[in-house]
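Some notes on the structure that comes next.
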Amino acid sequence: MNSFYTRQELERIGFASIGEDVLVSRKASIYSPSKISIGNKVRIDDFSILSGQIHIGSMVHISAYVALYGGEGIFIHDCSGISARTTVYSAVDDFGGDYLIGPMCPFEATHVTGGPVILRKYTQVGASCVIMPNLVVDEGSVVGAMSFVNKSLDSWGIYAGVPVKRLKDRSKKLLDFNI
């Protein structure tokens with residue numbers, strides 16, 4: 001048995017849309033598939049969690065143990081990737097002490113805030129990062145392993161740290177591939 005779903009199985013899951021050459025691990029957890037669209041040439045590895053409104057472009061790799069919590073929307077553009085054990089939040093609970101926390105609490109007793117997370121074309125997020133809601137990782141930027149992204153990142157930069165900061169410019173040589 002193949003460890004990835006067949007095309008027929010993917011179609012039965014009920015995604016909003018699904019492109020060609022898509023590999024989704026049978027060990028991935030998919031919630032609300034009708035809110036998830038997947039482009040062409042996408043691979044989603046073992047133990048990933050996809051939940052909520054998620055739009056994945058083409059030529060994207062979602063590595064093992066990645067969690068995408070798209071309550072307010074996650075948009076991953078073409079030629080991008082997210083490395084192992086990274087978590088992307090588009091909504092978060094208020095931990096300030098005035099509200100209850102978690103999905104099992106009454107809605108009126110919680111305070112969830114957020115906004116879309118957008119990873120533009122040619123971005124890469126390293127292993128074990130945390131990306132908070134309501135921000136953009138702009139075109140061509142990369143985020144180093146174990147970084148905390150709590151603000152939008154400008155294009156074509158190399159970023160790392162807790163919290164993340166720009167370390168230097170990233171080469172645009174990959175644009176020569178005309179992808």
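The values are calculated or read from the model by the stated rules, or taken from the named source; none is laboratory data. Source: prediction; values computed, not measured. Glycine gets a Cβ as well: all are built from the backbone with ideal geometry, and neighbour counts include every protein chain shown.
Do we find a residue being crowded, with 23+ Cβ neighbours inside 10 Å, among the hydroxyl-bearing types (S, T, Y) and farther than 16 Å from N150 by Cβ anywhere in segment 79-91? Yes, segment 79-91 has at least one match. Considering every residue within segment 60-83, establish whether at least one is in contact with a helix residue (DSSP H, G or I) (Cβ under 9 Å, 6 or more places away or on another chain), more than 21 Å from V125 (Cβ to Cβ) and at pLDDT 95 or above. So far as segment 60-83 goes, no, none of its residues is in contact with a helix residue (DSSP H, G or I) (Cβ under 9 Å, 6 or more places away or on another chain), more than 21 Å from V125 (Cβ to Cβ) and at pLDDT 95 or above. Cβ-Cβ contacts under 6 Å between residues 6 or more apart (or on different chains), taken from a first residue in segment 59-72 that is assigned to a strand (DSSP E or B) to a second residue that is among the aromatic types (F, W, Y), are listed as Y69/Y89. Of everything listed in (1) in a loop (DSSP other than H, G, I, E, B); (2) without any contact (Cβ under 8 Å) to a residue 40 or more places away in the chain; (3) not basic (K, R), the single unmet condition for C79 is (2).
Which number in (1) under 24 Å from S147 (Cβ atoms); (2) assigned to a loop (DSSP other than H, G, I, E, B) marks the one condition that M104 misses? The failed condition is (1). Within the set S25, S17, S37, S3, the sole residue that is closer than 26 Å to Y122 by Cβ and surrounded by fewer than 14 Cβ atoms within 10 Å (Cβ to Cβ) turns out to be S17.
Within segment 70-86, can one find any residue that is under 17 Å from P133 (Cα atoms) and polar (S, T, N, Q)? Within segment 70-86, one or more residues are under 17 Å from P133 (Cα atoms) and polar (S, T, N, Q).
In segment 125-176, which strands (runs of 3 or more DSSP E) lie fully inside it and hold 3 or more residues that are surrounded by fewer than 19 Cβ atoms within 10 Å (Cβ to Cβ)?
Numbers: elements: 135-137, 157-160, 165-169.
Because the criterion is at least 3 residues that are surrounded by fewer than 19 Cβ atoms within 10 Å (Cβ to Cβ), the strands (runs of 3 or more DSSP E) in segment 125-176 that meet it are 165-169.
Given G144, G115, which one is touching a Pro at 6+ places or on another chain (Cβ under 8 Å) and in contact (Cβ under 8 Å) with a residue 12 or more places away in the chain?
G115
Being more than 19 Å from A127 (Cβ to Cβ) and either free of Cβ contacts under 8 Å to residues at least 40 places away in the same chain or surrounded by fewer than 15 Cβ atoms within 10 Å (Cβ to Cβ) (or both): is that true of E9 here? Spelling it out, E9 is indeed more than 19 Å from A127 (Cβ to Cβ) and either free of Cβ contacts under 8 Å to residues at least 40 places away in the same chain or surrounded by fewer than 15 Cβ atoms within 10 Å (Cβ to Cβ) (or both). In the condition set (1) among the hydrophobic types (A, V, I, L, M, F, W, C); (2) farther than 30 Å from L175 by Cα; (3) touching a Phe, Trp or Tyr at 6+ places or on another chain (Cβ under 9 Å), I36 is compliant with all but (2).
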